[in-house]
1. Kindly report, to the nearest 10 Å², the accessible surface of Asp154 as traced by a 1.4 Å probe over protein heavy atoms only.
2. So for Lys257, Lys241, Lys436, what's the accessible-area order with a 1.4 Å probe, most first?
3. Would you mind calculating the gained length between Asp236 and Ala68 on full extension (0.36 nm times residue separation, minus the Cα-Cα distance), in nm to one decimal?
4. Give the peptides 113-122, 412-421, 172-181, 67-76 in descending order of average Cβ contacts within 10 Å, highest first.
5. Working with all protein chains in place, sort Asp290, Asp236 by solvent-accessible area computed with a 1.4 Å probe, largest first.
6. Using a Förster distance of 45 angstrom, determine the FRET efficiency expected from the C-beta separation of Phe433 and Ser56, and round it to 0.05.
7. Near the amide H of Asp63, under 5 Å away, which other amide H atoms are found, from residues 5 or more places off or on another chain, if H is placed in the peptide plane?
8. May I ask you to compute the full-extension gain from His384 to Ala263, defined as 0.36 nm times their residue separation minus their alpha-carbon distance, rounded to one decimal in nm?
Amino acid sequence: MTVRTRRTWLTRALALAAGSALLLVGCSSPSGSGDDEVEPVDVTSATAPALVDPASLGWESADASALAAYPALAELAGDCGVEVVAAARQVLGVRCSSDAGASVLYSDTTSDQVWSAADLVVEDGRTRLADSLVAAGAAASADAPGLLDDLRFDAAGNLLVVMGDGTTWQVPATEAGELLSDGGRVVRGAVRAGGDFTGSSAQAPAGAPVVAAASLQLPPPAAKPRGTGGGGGDVDCSVLKCLAITFDDGPGPYTEKLLDILAARDAKATFFMLGSLVGGRPDTVKRMVDEGHEVANHSWNHPDLRTLDAAGVASQMSRTQDAIEAASGVRPDLMRPPYGATNDTVLSVLRDQGLAVINWDVDTEDWKNRNVAETTSRALSGAHQGAIILFHDIHPSTVDAAPGIIDALQSQGYTLVTVGNLLGETTPGTKYFSAK
Ligand code: NI
């Protein structure tokens, strides 16, 4: 029998997460900037949600062999007894018990990404959570071993800390959001959205009941002609070597400078803007349209749309549509969800509002590196015909990098076009990452 310590699990989960290519972190939150002060979190006593019956997942046994269809999870778990703490949409959460103790692991089974419980919370959040548990009398010390080894969510989005003796403490959903890592948001989003587990059902053991969502399949909406979102043009990307550079989270203080840079090079871009910022710089937004760029929707104030209900998503979109239209005269038909994150509810609202979902396939990580050389290197090494490259024009380093990047791309024969030009017709509610 293999015995692994919890520390080993955690370390390996972190290593796996760090090596993952899943890009859910493309956008810096305007409200998420660092504040080193540790504030307490509101923790109250609660009841742990019911475990998921393994038979409902087609599992015949409750040990690690049941994880065979989920290799990354099985690799981390080693030999252990398995209880299912969450199985919703693509997310599977299991509590593994062995002689070494118990620990909860989660997987996004679509991407095969795995997180330990502690990985669901950002580093600062772990400190705040641990301190608050001590203050509440739930733990003797903030570095008690295994203190955050069993974190779960309930359907309301509350964060639950299950202690070794089974007692449970709750952080309300409204406060939990700021503690969560990208992985935490993925897991909470799935649990909160609910719905049947859909992960890797194709790999379920033969004869096992297939757990598939019996959801209503709506016919796809009709494709929408391009041209209403600005950035029109007669560039033929079936002939030219096109790619699209895109800028998120503005408009900001450096956007005008960027427009100058683009104009000097006759390069077109697409701006995914926050509605809450548009009203402060209407002339900049109008200038984008006047100069042939595409204006697009990046929500009102950058929430993870998966945490909102349909009405909330609709409001985030329509308020921003109205703001961009008021400033520029153009109502966008493209949007980019904050963090690139969507779920079925979000996609349904976007389909209703006529918005196609534009993610990216080249991430410069400019919001993280804030470095001209690194942003440039990532943009140029990722560039290819049909690419959609992600930048954020709220960072001066990005705007400083723009002239060199554009010059290099143009010297390599690329034509820089809007996303609308690159993709041609788009279908509302459908996700695009590139022009294939
Ligand atoms: Ni963003």
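The values are calculated or read from the model by the stated rules, or taken from the named source; none is laboratory data. In this text the structure is predicted, and so the values were computed from the model without any measurement. All Cβ positions, even for glycine, are placed from backbone atoms using ideal geometry, and neighbour counts span all protein chains on display. These area figures cover heavy atoms from the full protein model, side chains too; ligands, DNA and RNA do not enter into them. Shrake-Rupley method; radii C 1.70, N 1.55, O 1.52, S 1.80 Å.
1. 30
2. Values: Lys257 100, Lys241 70, Lys436 210 Å².
Solvent-accessible surface, decreasing: Lys436, Lys257, Lys241.
3. On the way: separation 168, 0.36 × 168 = 60.48 nm, distance 4.82 nm.
So the extension gain works out to 55.7 nm.
4. Details: 113-122: 25.1, 412-421: 21.7, 172-181: 17.9, 67-76: 19.6.
Output ranking for 113-122, 412-421, 172-181, 67-76: 113-122, 412-421, 67-76, 172-181.
5. Values: Asp290 100, Asp236 75 Å².
These residues rank, largest area first, as Asp290, Asp236.
6. Here the calculated transfer efficiency is 0.85.
7. Amide H neighbours of Asp63, under 5 Å, 5+ apart: Val82.
8. Numbers: separation 121, 0.36 × 121 = 43.56 nm, distance 2.24 nm.
So the extension gain works out to 41.3 nm.
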